[in-house]
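Shown next, in structure tokens, is the structure this report addresses.
Read-outs: derived from the displayed coordinates by stated rules, not from any lab. Worth saying up front: this structure is predicted, and the values here are computed from it rather than measured. For neighbour counting, all protein chains shown are included, and Cβ atoms are generated from backbone atoms with ideal geometry for every residue, glycine included.
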Amino acid sequence: MPGNNSSASNRLFVLDTNVLIHDPASLFRFEEHDIFLPMVVLEELDHHKRGHSEVARNARQASRFLDDMVEEADRKAIDAGVAIPGVNHAQHPAGKLFFQTHLAPMSLPESLPGGKPDNDILGVTLALQTQFPERDITLVTKDINLRIKASILGIKSEDYFNDRVLDDASLLYRGESILPEDFWESHQKDMESWSEEGRTYYRLTGPEVEQWYANQFLYHETDGFEAIVRSIEGDTATIEHVQDYRGSNHAVWGINARNREQNHALNLLMDPEIDFVTLLGHAGTGKTLLTLASGLKQVLEDSRYSEIIVTRATVPVGEDIGFLPGTEEEKMTPWMGALMDNLEVLSNPSEGGSWGRAATTDLLMKRIRIHSMNFMRGRTFLNKFIIIDEAQNLTSKQMKTLITRAGPGTKVICLGNIAQIDTPYLTETTSGLTYVVDRFKMWEHSGHITLMRGERSRLADFATEVL
């Protein structure tokens, strides 16, 4: 049992089922501390293992991890605690894994009867506290109601934080940085400037350089200077003056940038050297419109990519409407309202009337493919322009599955608003979109920008602020 052969200084964490389903590798992420699994958790893993959903896959993976750890252990070794490998199965063991090998005395109040999985976990945790008062016992669960129950019963409880990318969403990389007023004075020493193929470059050295990332945007409010970081070598950086898509001469499929962030977004979307782009922003900032316009231009005019592929997480905001008839694309059509709305704007010719608009829309849709995420595993996309919409509702593992589908010549764009997460147990700091923004910010072939200003309508902007 946990108190017999373990150091009292090591904490003992009782894991809820949802922690293992959320992150099967959580078993290896408690460092030197011990883990206790109630029997009801194993029962729930068995209940969730069937099917092809992400929950079922994670439940099976957690069971495989447990099976590997107990495969060669006998009953005596299991009672004494099974050694947990370190992260990535390192050689040095972390804590020990304990199972509920004895029927725990239920000490729940009458208002919390046994028989319910959550209440059984509370009963086991209370029994552990009584049996081992010298140990720091903590219940770890993603279920906020279970944490409330635990607090009422005097049980220490915590959320699972190991998958948290940042301590606070406000710390997330924004993709741009404002230059100080004295920037040119402090960095003009040894600065070089030159032009190539109509583009202006600067090479400079200074204290600000160490804080920059590749493909980060820089702007100076006083003189309106805007540039993108092209390369960093030590304390020396090469920056390039950005293309200005706000003028009518540089429209992208008839669309112009209306503010600084949109201009930066189009610079990332139109750059063939950038393979991965993330765009964050609240409703009405133009994420989908800018992405679709740049995709159509590069597919139909520049022939840089063969077609546009659009997918998204199918998480309903309200009640699910049930199964949908038709082919894969027909089933996905109700989820692609944003795509169709923006396509109406982009396929609105000045001549031809309704017949012209219908013909243009039909032509564009022939180069746009709508795919479900459920059928992405194992595929490889060559020379495609892939748009992942509503990416804030994806986990880090789902993001990895989608992004690794990209083959040679493919560009992936992730769009989302981390303030509108509909997936259970995901937050602003644990969303897969937050995860990839943070992990890709140092890669020279990726770019990110957070769109701040809404351009949809004055009604939408006001509603965003006050509601």
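Note on segment 12-158: antiparallel DSSP beta bridges, both residues inside, total approximately 15 percent of the bridges counted.
If you average the C-alpha positions of segment 138-203 and of segment 385-417 separately, how far apart do those two centres end up, in angstrom? Centre-to-centre distance over Cα atoms comes out at 20 Å.
One decimal place: the segment Lys189-Glu210 gains 5.9 nm when fully extended, by the rule 0.36 nm per residue minus the C-alpha distance. Using a simple spin-label model with pseudo-atoms 7 Å out from Cα toward Cβ, His250 and Thr222 lie 2.3 nm apart. Ranked by how many other Cβ atoms sit within 10 Å of their own Cβ, fewest first, the residues Leu343, Leu290 fall in the order Leu343, Leu290. Modelled spin-label separation between Glu197 and Ala56, with each label point placed 7 Å from Cα along the Cα-to-Cβ direction: 4.9 nm. Considering segment 12-158 at the alpha-carbon level, its Rg and Dmax are found to be 14.9, 46 Å. Annotation for segment 143-207: chymotrypsin sites (Phe, Trp or Tyr not before Pro) lying in DSSP loop with at most 14 further Cβ atoms inside 10 Å of their Cβ are Phe161. Panel order for Ser446, Ser457, by other beta carbons found within 10 Å of each beta carbon, from fewest to most: Ser457, Ser446.
The Cα-based radius of gyration of segment 106-254, divided by its Kirkwood radius, gives an Rg/Rh of 1.37. Once the Cβ-Cβ distance of Thr380 and Ala169 is raised to the sixth power relative to R0 = 41 Å, the FRET efficiency obtained is 0.80. Charged side chains reduced to their Cβ positions (Lys and Arg at +1, Asp and Glu at -1) give segment 12-158 a dipole of some 240 debye around its Cα centre. For Lys397, the lysines whose Cα falls under 25 Å of its own Cα, not counting residues fewer than eight places away in the same chain, are Lys49, Lys142, Lys287, Lys331, Lys384, Lys411, Lys441. Applying 1/(1 + (r/R0)^6) with R0 = 35 Å to the Cβ-Cβ distance of Asp422 and Glu233 gives a FRET efficiency near 0.25.
Spin-label pair Val345-Leu103: with each label point 7 Å from Cα along the Cα-Cβ axis, the two points sit 6.6 nm from one another.
Extension gain, His47 to Arg64, is 4.6 nm, computed as 0.36 nm per intervening residue step minus the present C-alpha separation. Taking trypsin sites (Lys or Arg not before Pro) across segment 1-83, the ones in a DSSP loop with at most 13 further Cβ atoms lying within 10 angstrom of their Cβ are Arg50. Secondary structure note: in segment 170-241, about 85% of the DSSP beta bridges are antiparallel.
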